[in-house]
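Following: one structure in structure tokens, then a few remarks.
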Amino acid sequence: MAKKLIGPFTQLLPLANMPLHGALLDNTLEIIEKGGIVMEHDLIIDVGPYPILQEKYGATVTFVDIDTPTVCMPSYIDCHTHIAFSGNRANDFALRNAGATYLEIAEAGGGIWSTVQHTREAPEEELTARIVERVDALIKQGITTIEVKSGYGLSVEQEVKTLRAIQQAQKRVAADLVPTCLAAHMKPRDFDGDASVYLDKIASELFPILQRENLTNRIDAFVEKSAFSATEIRPYFRKAKEQGFDITVHADQFTTSGSVVAVEFGAVSADHLEASTENEIQILAKSDTVAVALPGASLGLGYAYTPARRLLDEGAILAIATDWNPGSAPMGQLMVQASILATAEKLSNAEVFSALTFRAARALNLSDRGQLKRGQLADFNIYMTSNYQNITYKQGTLRPQQVWKSGKLIYTKGEQL
Ligand code: NIG
Ligand code: FE
């Protein structure tokens, strides 16, 4: 029988029928006690109290019995990573802790540029292997959809290599990868010409390849002092939009202006926002651009957190992602970071779980995942605990016992299937 009934779970949190925008109290979290899920192939057919599902579907399903105290909720979406890289930046970390700033290191030729040099040297196959390893580490945390940016190639040829490596990695992992072109991460130091000439070249030579080879439909840019100004990036985004790409922006990390550009172009997300002031918060809150907090970068740099509380209180859509990269955010632990952000910014559990599921899906322009309800992908995690509050309370150290993706068990703690 193709249909499966899984349960009963002590607590099942569907995270369905919740608002996309704004603050959420924990009493908005629906908790189904002794809950179950009916799935067929990759999709959810029904969610509800287990005895009712048993009666309704009993004759037509295969049973997947859960007999210990468990919590079940949608699996997580990491909507911002840079895991397509080679090399290591431990020395940048040491330099920063000795007093240098991220921007000073970048100006001296370290930072992103040093990772570009290592990544350019790596053959496509090696880069694919590194991505696969990192995706497997994320799956163990219950993450089943992962955005992966290029941006350490910074030439037409090297960006294509990176995006092809991501495409190849997709064939070897159980999670869904969402590739993004970040050729506008910084102007490469070996490029002969100014920033606008570089961006024009990328738009005219790389964009057609992205579409022809189906490498990505998303364009990102780092709008910052060490990278591109708002004025430089506007014509680039205009071309990307005209060609049908979704826009996402590295915005307001150290200085403002990125989030204003993001909203102006109807970007799916504006990410970072550590330096956002009331003005940017208001602009984001009135938009449908998802505000993505990256606490891993704040922790990596010893820097301010994204004003998540203010953003939510004003009505923004808040997502949280790892930003996993070798420079500012080498940790790659989503729930650890989200729980720490929750304590710093006073976020409710409802806000944290929404930020890691259906709100993060929105940042990737995906509407088929992030909630447990009929028609959604059967992507969910099972924790060995009887109280969902333990997940943030344990600050990411409580890992899922089982991870299900598109109706298949893809990971059981202690063994990779
Ligand atoms: O999101 N801010 C720009 N890009 C990355 C850092 C990349 C790097 O330092 O290698 C970020 O933090
Ligand atoms: Fe980033």
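The values are calculated or read from the model by the stated rules, or taken from the named source; none is laboratory data. Keep in mind it's a predicted model, so treat the numbers as computed, not measured. We place every Cβ from the backbone using ideal geometry, glycine too, and count neighbours over all the protein chains shown. Note: areas computed on protein heavy atoms with side chains; ligands, DNA, RNA excluded. Shrake-Rupley method; radii C 1.70, N 1.55, O 1.52, S 1.80 Å.
Has region 302-325 got at least one residue that is more than 14 Å from ligand 2 (Cβ to nearest atom), part of a strand (DSSP E or B) and open to solvent by less than 40 Å² (accessible area, probe 1.4 Å)? Walk me through how you get there before you give the answer.
Let us first name the residues in region 302-325 that are more than 14 Å from ligand 2 (Cβ to nearest atom), namely 302, 304-305, 307-318.
Narrowing further to those that are part of a strand (DSSP E or B): 318.
If we keep only those that are open to solvent by less than 40 Å² (accessible area, probe 1.4 Å) too, we end up with 318.
Within region 302-325 (the criterion being more than 14 Å from ligand 2 (Cβ to nearest atom), part of a strand (DSSP E or B) and open to solvent by less than 40 Å² (accessible area, probe 1.4 Å)), the answer is yes, since at least one residue qualifies.
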Next on the checklist: Given the options Ser155, Ser150, Ser204, name the one that is within 16 Å of ligand 1 (Cβ to nearest atom) and either on the phi < 0 side of the Ramachandran plot or crowded, with 24+ Cβ neighbours inside 10 Å (or both).
Outcome noted: Ser150
Next on the checklist: Take the conditions open to solvent by 10 Å² or more (accessible area, probe 1.4 Å), in contact with a Phe, Trp or Tyr (Cβ under 9 Å, 6 or more places away or on another chain) and either at pLDDT 95 or above or not in a loop (DSSP other than H, G, I, E, B) (or both) and apply them to Arg362. Does it pass?
Outcome noted: no
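Pick out the one residue from Ile37, Ile44 that is closer than 30 Å to Thr289 by Cβ and in contact with a strand residue (DSSP E or B) (Cβ under 7 Å, 6 or more places away or on another chain). Break it down stepwise before answering.
Details: Ile37 fails: closer than 30 Å to Thr289 by Cβ.
Just a single option satisfies the conditions, and that option is Ile44.
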Next on the checklist: For region 267-286: of the residues being out of contact with any Lys or Arg (no Cβ under 8 Å at 6 or more places or on another chain) and open to solvent by 40 Å² or more (accessible area, probe 1.4 Å), which is nearest to Ile317 (Cα to Cα)?
Outcome noted: Lys286
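Say we look at region 243-266 and pick out the residues that are aromatic (Phe, Trp, Tyr) and either within 16 Å of ligand 2 (Cβ to nearest atom) or under 21 Å from Val148 (Cβ atoms) (or both); which of these is least open to solvent (accessible area, probe 1.4 Å)? Please lay out each step first, then the result.
So the first thing to find is which residues in region 243-266 are aromatic (Phe, Trp, Tyr), and the list is 245, 254, 265.
This time we only want the ones that are either within 16 Å of ligand 2 (Cβ to nearest atom) or under 21 Å from Val148 (Cβ atoms) (or both), so: 245, 254.
Details: Phe245: 10, Phe254: 43 Å².
Result: Phe245.
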Checklist entry - Going by the structure shown, is Ser114 touching a Pro at 6+ places or on another chain (Cβ under 8 Å) and free of Cβ contacts under 8 Å to residues at least 40 places away in the same chain? => result no
